[in-house]
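Bear in mind that the values in this text are calculations on the coordinates, not laboratory data. Note that the coordinates shown come from a computational prediction; the quantities given were computed from them, not determined experimentally. Cβ placement follows ideal geometry from the backbone for every residue including glycine, while neighbour counts extend to all protein chains displayed.
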Amino acid sequence: MFRASWVLWAVGAVGVAVVPIAAVAFRGATGAPSQISASQPVVIELFTSEGCSSCPPADRVLAQLAESGLDGIPIIALSEHVDYWDRLGWKDPFSAARFTDRQQQYADVLRSDLYTPQMVVDGHRQLVGSDRASAVDEIRKAAGARKLDVKAEATRHGAELVVTAKVHVADGGRAPKADVVVAITEDGLESNVLRGENQGHRLAHAAVTRYLSQAVRLDARATEGVTVRVKVDPAWRLERSKAVVIVQSPIDLSVLGAASVALDANLQTTLE
């Protein structure tokens, strides 16, 4: 396990760009609670690195939960490769300062150290990522929370993905104070590690976060949803990828709702 007391702040992710162009669609007048659901997904985020010898077991825990789920609980998984290991022997090809930035944000609100492997469940519980028993316990607890009904849509316009997050609010509902984060994750990635603590090992990864947007504030006055345009990196295999939208509290980062859409089966292409 590696712990750090510093962080490199940066914007964006490796080889991609984001342009937030709208905010969220809410229907109905203000005054009553938003529509909520107890069957919405649980978001698990793993902060990991190929340079960390303690991380492969955590990577496997994340992959198993992402693939098999847990007792019928929908799980949205993100593997976020931090960059502070890159100067310690092996540069992780999937790392980015943006993920270190996000981990630091969680460390600030959860009052935790910065370390790998760290798993954050629904934005408000953190644990050692290889501790499957604790992860299962926290996921089951999170599954009982009442959440917003969030939908994700994705289309392709030339060299860009257009990802839209929509939050349904029942008639008479009101918009919550919240932010939206959009991510692109990819399964089936592997690396031959040539140096560092995992030298000589071939590491397999699931739900690798290829892109993570800055937070976009929900706006109850908008009518088109939160839309983020993502430049497609040629290295991405979209048929193995998902678009993920996470609605979070801007105060404590707890997840208020989330959704994902598989790009292989649901992607519509529009040429511009």
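Taking loop as defined by DSSP and a crowding limit of 14 other beta carbons within 10 Å, which trypsin sites (Lys or Arg not before Pro) in segment 117-167 fit?
R146
Going down the table (K147/K242; K91/K166; K166/K231; K91/K151; K91/K147), which pairs top 30 Å between alpha carbons?
The answer is K91/K166; K91/K151; K91/K147.
What is the spin-label model distance, in nm, from E160 to S53 if the labels are put 7 Å beyond Cα along the C-beta direction?
4.7 nm
Mind ranking 159-165, 178-184 by how tightly packed they are, going by the mean number of other C-beta atoms within 10 angstrom, highest first?
178-184, 159-165
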